[in-house]
Amino acid sequence: MMNRTLPRRSSAQRKKQHTLLPLANRFLILLIICGLFALVLLTFYPEWKKLSQMRHTLQKDREELAHLEKSITHKERELFLLQHDKEYLELIARDRLDLMKPNETIFRFGPSR
């Protein structure tokens, strides 16, 4: 039987191998962390986008609600005046029906309704 021996590595090769392994481990850990971050991002991005869209829709709905509430207030005031103020009722009726009192002159500067 022949006794074969493996060639011995020099101390410089061993030192290079010892410094290379921790560097490779760090690189693999960094890749794993980046992969986990990408997984979390891919999982939550659609939900975040949906939340952002819902916030935008909510803001538009609030603006529309404020506009409608203002319109309701205006209509309620007009209804109250029509029901309780005879002069206002007369003014609106004469304006919309183009009626005038005797000896009265009406000047219209804009387009008629």
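Around T57, with a cut-off of 14 angstrom between Cβ atoms, what is the net charge of the other residues, counting Lys and Arg +1 and Asp and Glu -1? In short, +2. Pair-distance distribution of the stretch 14-113: all C-alpha pairs, bin width 10 Å, starting at 0; shares per bin in whole percent are 11, 16, 15, 11, 10, 9, 8, 7, 6, 5, 2, 0.
So how much slack lies between T105 and L30, counting 0.36 nm per residue of separation and subtracting their Cα-Cα distance, in nm?
18.2 nm
Spin-label model, L79 to T57: label points 7 Å out along the Cα-to-beta-carbon direction sit 3.0 nm apart.
Quick note: the coordinates plus some simple rules give every number you see, no bench work behind them. Keep in mind that this is a model prediction, so the values were computed, not measured. Ideal geometry is used to build each Cβ from the backbone, glycine not excepted, and the neighbour counts take in all protein chains shown.
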